[in-house]
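Structure record follows, encoded as structure tokens.
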Amino acid sequence: MILIKQKGRDYGNKEYFKYIVVIPNRIIRGVGWKGGEELDVELKGDKLIIEKVN
């Protein structure tokens with residue numbers, strides 16, 4: 001997987017960024033996700049847990 005940093009906008013003297021995680025197709029198929037589904041994110045220590053919202 002890869003984490004992409006993308007500049008979102010400038011506001012005043014400050015830059016704002018967004019981050020995109022690219023997940024391989026085999027993993028998406030493995031968990032049964034489809035594009036456009038809502039996901040829930042939880043932070044546990046230094047781990048990021050992503051789950052599909054039911």
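Nothing in this text is a laboratory measurement; each read-out follows from the coordinates by a stated rule. Fair warning: this is a prediction, and the values are worked out from it, not measured in the lab. Neighbour counts are summed over all protein chains in view; Cβ atoms, including those assigned to glycine, are modelled from backbone coordinates with ideal geometry.
Convex hull volume per residue, computed on the Cα atoms of the chain, equals 128 Å³. 3J(HN,Hα) along segment 47-54: 10, 10, 10, 10, 9, 6, 7, 8 Hz, from the Karplus curve 6.51 cos²θ - 1.76 cosθ + 1.60 with θ = phi - 60°, whole Hz, x for Gly and Pro. Only lysine pairs 8 or more places apart or on separate chains count here, and in the chain those with Cα atoms under 27 Å apart total 19. Label sites at ILE49 and ILE20, each approximated as a point 7 angstrom past Cα along Cα to Cβ, lie 2.8 nm apart.
Label point of ILE2 set 7 angstrom out along Cα-Cβ; within segment 19-54, amide nitrogens under 14 Å from it belong to 20-25. Across segment 22-27, coupling constants 3J(HN,Hα) worked out from phi with the 6.51/-1.76/1.60 Karplus curve, θ = phi - 60°, read 9, 9, x, 3, 4, 6 Hz, and Gly and Pro carry x. For segment 3-10, the Karplus equation 6.51 cos²θ - 1.76 cosθ + 1.60, evaluated at θ = phi - 60°, returns couplings of 10, 9, 9, 10, 5, x, 6, 10 Hz by residue, with Gly and Pro reported as x.
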